[in-house]
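To start, the structure under review is shown below, and the notes come after it.
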Amino acid sequence: MTRPIPTFATLALATVLTAVAGTASAEPLAPGAGRSLRLGDLAGVAYYVAEPAGHRVVVTLAEPSGRPVRVEAVLASDQAVTLSVPREPGAVPVAVVLRRSGDAVTVNDAAGPVVREAAARD
């Protein structure tokens, strides 16, 4: 079974509609519904689709006159992916965190420190 891939026009429409509706920190996404994002000078949209392997989150970002970049990640429950843009040395980066908790995916684009976690493997 193939999943529909949103066209640029679909992503642009989702971005406009979501921007008109407003955004909030840690706002939950509905499957397949887009949410606009701003990451420094980059603007775009995020959405997710449920798949057997997990929830595939897709983020497409671009500068106003630049070529878009798409990032995809499949999240299991209680996993997150962080996208960030650095600022000047010593400044906290601008970050967007997409987190899956159970069947819900939330987007948090509040400015704040990027938390990096690592675990050693044997």
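Using the structure shown, decide if ALA95 is at pLDDT 90 or above and loosely packed, with under 11 Cβ neighbours inside 10 Å.
On the way: at pLDDT 90 or above: yes; loosely packed, with under 11 Cβ neighbours inside 10 Å: no.
So ALA95 does not fit the description; no.
Just one of the numbered conditions (1) without any contact (Cβ under 8 Å) to a residue 40 or more places away in the chain; (2) surrounded by 13 or more Cβ atoms within 10 Å (Cβ to Cβ); (3) under 18 Å from ALA33 (Cβ atoms) is not true of VAL57; which one?
All conditions are met except number (1).
The values are calculated or read from the model by the stated rules, or taken from the named source; none is laboratory data. If you're wondering where the values come from, they're calculated on a predicted model, not measured in any experiment. Cβ coordinates were reconstructed from backbone atoms using ideal geometry, including for glycine residues, and neighbour counts include every protein chain displayed.
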